[in-house]
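This report concerns only the one structure given below.
The values are calculated or read from the model by the stated rules, or taken from the named source; none is laboratory data. Computed from a predicted structure; not experimentally measured. Methodologically, a virtual Cβ is constructed for each residue, glycine included, from the backbone with ideal geometry; neighbour enumeration extends over all protein chains shown.
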Amino acid sequence: MKIAAVHCRLFPGGALEVFKDLLQQELRNDPKAEIKIFTMIADEDSKSLKIQIPGTENFKKIQVVESLPKWLNRFFLFCGKKHIPILSSIFDYRNLIVFYPEVMRILSRKISRFWPKRMVISSYAIAKNVKIPQTCKHTKLYLHSPMQYIWSHREEYIWKFKWWKKYLFTWIIPRLQRWDKQFTQFDEIIFNSNYTAGLAGEIYWMKWKVKYPKIKDCFYLSTPTKEVQNYFVCVGRVVNFVREVWLIIKACNETKTNLLIIGSWPDEIQLKALAWDTVIFLWWLPQEESLKIIRNAKWLINLTKESFWMWTAEALLLWVPVIWYAEWWSKELVDENSGILIDKKSISTLKDAIQTFESKEWNRRQISDTIREKLQKCS
């Protein structure tokens with residue numbers, strides 16, 4: 001059977017891990033299935049993605065098809081990572097939002113030429129907005145989140161944009177909203193959290209089932225560290241917008257708090273310039289190294305409004321308390337016994353949270369036991 005697997009952008013992160021798990025499920029059902037991955041843009045020279053075949057030690061290389069020509073995608077990535085004056089501001093892959101409808105039309109044509117019998121769509125932005133070809137008999141959508149920039153995060157983006165980007169973004173939002181609402185018909189829909197299910201019901205009138213992303217066994221089997229080390233950890237794409245990594249860095253600078261950042265670009269160069277000696281950037285690390293660093297941390301910190309954040313769930317399973325922004329999905333898993341939720345994104349609020357954390361005793365076994373129960377309900 002030919003299966004078209006669609007993902008928004010093939011970059012490292014929690015959404016990619018969920019996408020890999022979806023591909024494994026397809027291979028478990030049909031090990032001989034002919035699968036192709038279709039995406040807007042892929043990191044580096046990702047011509048294929050290696051997926052382990054369930055029940056074996058073998059891997060299957062799945063071809064990656066990008067919407068735009070590879071040379072153009074590489075140029076966007078180059079400008080983003082090298083921080084070239086003017087060029088990096090214009091040729092930022094995030095600016096492609098203006099051309100999303102055309103980008104997805106191009107990708108839809110490439111999917112149609114593949115003649116798939118089944119489609120698996122993993123969407124946190126625009127993957128769900130592909131046209132389903134007539135040859136496709138079944139479509140499965142795993143919705144990480146509706147397109148945040150034009151729905152739940154739009155006011156925050158408008159407030160942060162400046163000059164021409166602000167006017168362009170304000171102009172494009174209603175057009176993208178009308179376009180986004182056209183793509184709601186799927187045979188099977190899975191939401192990654194109750195929050196996402198509620199938001200999708202409000203925007204698209206979608207209703208189906210909730211299933212938290214699968215978390216690897218190594219996090220469930222981990223034992224508590226013998227001695228917590230004196231540092232905090234932040235994991236994810238190093239981005240100013242929404243994730244507020246700059247605010248975390250400044251707060252840690254002023255409190256002289258040791259901070260380890262696991263992740264990379266697109267705003268890495270600017271943020272490194274803000275960091276003092278107590279802040280260390282570690283890039284993306286192999287899973288075993290990341291697991292060890294998180295497990296030994298005092299806590300994990302994240303100020304993102306997320307529909308589901310795998311690293312938070314993983315940290316809690318590793319007996320590590322968290323500090324998080326008190327909106328969106330955070331309240332589903334984080335309570336007063338497992339972390340601190342802040343209701344305002346500011347340096348003073350974050351500094352107060354750090355002081356509160358330092359003065360509180362944390363029952364790490366209770367943290368791990370509680371998160372297991374909560375994850376089990378939607379597993």
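Only one of Val120, Val103 is among the aliphatic types (A, V, I, L, M), modelled with pLDDT of 85 or more, outside any strand (DSSP E or B) and surrounded by 15 or more Cβ atoms within 10 Å (Cβ to Cβ); which?
Result: Val103 is the single residue among Val120, Val103 that is among the aliphatic types (A, V, I, L, M), modelled with pLDDT of 85 or more, outside any strand (DSSP E or B) and surrounded by 15 or more Cβ atoms within 10 Å (Cβ to Cβ).
Kindly indicate whether Asn258 is surrounded by fewer than 19 Cβ atoms within 10 Å (Cβ to Cβ), within 19 Å of Ala315 (Cβ to Cβ) and more than 19 Å from the chain's Cα centre (by Cα). Show your work before the answer.
Working: surrounded by fewer than 19 Cβ atoms within 10 Å (Cβ to Cβ): yes; within 19 Å of Ala315 (Cβ to Cβ): yes; more than 19 Å from the chain's Cα centre (by Cα): yes.
Answer is yes for this residue.
Show me the helices (runs of 4 or more DSSP H) entirely contained within the range 273-379 in which 1 or more residues are within 20 Å of Cys252 (Cα to Cα) and at pLDDT 85 or above. Don't jump to the end; show me each part of the working.
Numbers: elements: 287-295, 310-317, 330-333, 347-359, 364-377.
Output list reads 287-295, 310-317, 347-359.
Considering only the range 208-251, state which residues are over 20 Å from the mean Cα position of the chain (by Cα), surrounded by 17 or more Cβ atoms within 10 Å (Cβ to Cβ) and at pLDDT below 80.
Listed by number, the list holds a single entry, Ser222.
Among the listed residues Ser359, Ser307, Ser338, which satisfies the condition of being surrounded by fewer than 19 Cβ atoms within 10 Å (Cβ to Cβ) and either within 26 Å of Ala125 (Cβ to Cβ) or in the same structural domain as Ser222 (by TED's automatic domain parsing) (or both)?
Ser359
Just to be sure before I move on: is Ile41 assigned by TED's automatic domain parsing to the domain that holds Ser123, within 22 Å of the chain's Cα centre (by Cα) and in contact (Cβ under 8 Å) with a residue 40 or more places away in the chain in the structure I sent?
yes
Thr135 - would you say it is surrounded by fewer than 17 Cβ atoms within 10 Å (Cβ to Cβ), of a type outside the set (Lys, Arg) and not in a helix (DSSP H, G or I)?
Yes: the conditions hold for Thr135.
Quick one: Lys70 ticks every box in (1) of a type in the set (D, E, K, R); (2) modelled with pLDDT under 90; (3) over 19 Å from Arg109 (Cα atoms); (4) out of contact with any helix residue (DSSP H, G or I) (no Cβ under 9 Å at 6 or more places or on another chain) except a single one, so which number is it?
Going through (1) of a type in the set (D, E, K, R); (2) modelled with pLDDT under 90; (3) over 19 Å from Arg109 (Cα atoms); (4) out of contact with any helix residue (DSSP H, G or I) (no Cβ under 9 Å at 6 or more places or on another chain) one by one, Lys70 breaks only (3).
Determine whether the range 34-43 contains at least one residue that is in contact with a helix residue (DSSP H, G or I) (Cβ under 7 Å, 6 or more places away or on another chain), modelled with pLDDT of 90 or more and among the β-branched types (Val, Ile, Thr).
Yes, the range 34-43 contains a residue that is in contact with a helix residue (DSSP H, G or I) (Cβ under 7 Å, 6 or more places away or on another chain), modelled with pLDDT of 90 or more and among the β-branched types (Val, Ile, Thr).
Can you tell me which residues in the range 1-36 are outside any loop (DSSP other than H, G, I, E, B), hydrophobic (A, V, I, L, M, F, W, C) and under 18 Å from the mean Cα position of the chain (by Cα)?
Listed by number, the residues that qualify are Ala5, Val6, Cys8, Leu10, Ala15, Leu16, Val18, Phe19, Leu22, Leu23.
Just to check your reading of the model, which residue among Asp267, Asp277 is in the same structural domain as Ala326 (by TED's automatic domain parsing), surrounded by 18 or more Cβ atoms within 10 Å (Cβ to Cβ) and farther than 27 Å from Arg364 by Cα?
Asp267
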